[in-house]
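Read-outs throughout are calculated quantities, based only on the coordinates presented, and are distinct from any laboratory measurement. The structure displayed is predicted, hence computed values, not measured ones. Here the Cβ is made from the backbone with ideal geometry for all residues, glycine too, and neighbour counts use every protein chain on show.
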Amino acid sequence: MAFKVQDHYFRKAKTQHYLARAVYKLEEIQKRYKILRAADRVLDLGAAPGSWIQLAGGVVGQSGLIVGIDLKPIEHAFANRVVTLQGDIFDREFVEAALSGYLPFDVVLSDMAPATSGIRVADSARSALLFERAFEIALWALQPGGTFLAKIFHGSEFHQLLARLKKQFSQTRVIRPEATRKQSREIYILAMNLKRT
Ligand SMILES: C[S@@+](CC[C@H](N)C(=O)[O-])C[C@H]1O[C@@H](n2cnc3c(N)ncnc32)[C@H](O)[C@@H]1O
């Protein structure tokens, strides 16, 4: 049975009515890098249960847009202009049909994580595949100058993927937010200013 530690961030999320403790990772990145701005159009991959949408919604406001996709339904009723879609990001037809009416985006976020098996190599390979697919979607969906933030488990694929991002974006940062659980191998890659091709 999975054991979830009800730590400081978990309790804080409950008190502040956020849907998940994951919100504090995005909050920290936002405080430091200001990746989200008023009126931005944001695509959130792996958005359930929706805490990143809550935080991003507060920043982009009524003139912005957030589209959240997840394998699981996102059931929360959000205040701002939010569209939630249930589906698999590896399903190309679904992604293209679902997003074509909302293009282009200013920011693509991915907090996607695979269902973990406990086998380190397999889990990091699955995380890398999710990251790679999020990167591919970002290149298709972002406008030039756009920002991509995505989670990946640190593993052998990491350096090669980071090198690929560096070719497409002017600036990259590797971030391990304070709110990341101590035992977790997850990190975030922030890529800013998508180059024009
Ligand atoms: C850590 S949770 C995201 C938490 C979210 N950022 C929040 O703040 O509420 C990771 C999500 O990735 C989703 N996910 C994993 N694989 C996916 C896939 N192939 N397509 C879409 N979503 C996926 C999972 O269903 C899960 O809800």
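Pairing each residue of region 5-28 that is touching a residue at least 12 places away in the same chain (Cβ under 8 Å) with any residue that is exposed (fewer than 11 other Cβ atoms within 10 Å of the Cβ) and assigned to a helix (DSSP H, G or I), provided the two are 6+ apart or on different chains, yields no C-beta distance under 6 Å. Looking across region 40-55, the residues that are more than 6 Å from the ligand (Cβ to nearest atom), touching a residue at least 60 places away in the same chain (Cβ under 8 Å) and either of a type outside the set (D, E, K, R) or in a loop (DSSP other than H, G, I, E, B) (or both) come down to Asp40, Val42, Leu43, Leu45. Considering the conditions (1) away from the ligand (no atom under 12 Å from the Cβ); (2) assigned to a loop (DSSP other than H, G, I, E, B), Arg21 is excluded by exactly one of them, (1).
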